[in-house]
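Values quoted throughout were computed directly from the atomic coordinates according to the rules given, and no laboratory measurement underlies them. All values derive from a computational prediction rather than experimental measurement. Neighbour counts are summed over all protein chains in view; Cβ atoms, including those assigned to glycine, are modelled from backbone coordinates with ideal geometry.
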Amino acid sequence: MRERITAIIAIILLLILIAASYWYAMQSTYSNLRYLPSEESPDFIAGGATLISFDKNGVADSKLKAEELRHYSDDRMTMVKPEAVTVSPDKPVTHAQALAGRSDDGGATFVFKGDVIITRVATGNTPTTRLETQSMTVYTDTNRFVTDDDVLITSGRDTAQGQGMVFDNMERTVELKGQVTTVLQPRNNNQRLLPSSTH
């Protein structure tokens, strides 16, 4: 009887030793394996995603949503039908939309492509302003919009066209770079643009 118990204990100890050896072998094998993210494969894909950025005081600054958003390990993002809206109380409310977009620096700048429309809501005596172009780089920190493409600007009943533009949403200034055509409508229903001559 004693020999049988000794044999059972020996078998149990041997099984424990085999299991421990197997466990250590697996640990040493898998410890040499590392996950290397591919720059061509996204970390995640989100449908109907909304991203909200905050300023240094924790106040919501802007909101970005897209039908589809892809984020990559190097902080790149690509977007389908992105829409960006400024929501900060100290900035004019501006809405930007396009067919596609991307960011190569974690959201510091965005490049919008295809049927880009930017609208700034009316404030005070300034009517609603609408910009239309085919590409736009948005600098989120400075609230600036830059393009080298043709631009059509509508502000109230006034229009301006040009090639290339810098739009500073904080300073409320627009600089058209070339081939500028501006049409200003008369105010107060006064159709006379030049003073009448006196004899």
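The table for this structure:
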read-out	value
Set of lysines near K81 by C-alpha distance (under 27 Å), chain-local residues within fewer than 8 positions excluded	K63, K65, K91, K113
Cβ-placed point charges (K, R +1; D, E -1), dipole of the range 44-118 about Cα centre in debye, nearest 20	100
Ordering of 43-50, 165-172 by packing [mean C-beta count within 10 Å, highest first]	165-172, 43-50
Dipole in debye (nearest 20) - the range 46-183, about Cα centre, beta carbon charges: Lys, Arg +1; Asp, Glu -1	300
At R0 = 22 Å, FRET efficiency that the Cβ-Cβ distance of E132 and E68 yields, to 0.05	0.40
Loop trypsin sites (Lys or Arg not before Pro), the range 50-154, which have at most 16 other Cβ atoms in a 10 Å radius of their Cβ (DSSP)	K56, R76
Normalised convex hull volume, the range 46-183, alpha-carbon set, Å³ per residue	102
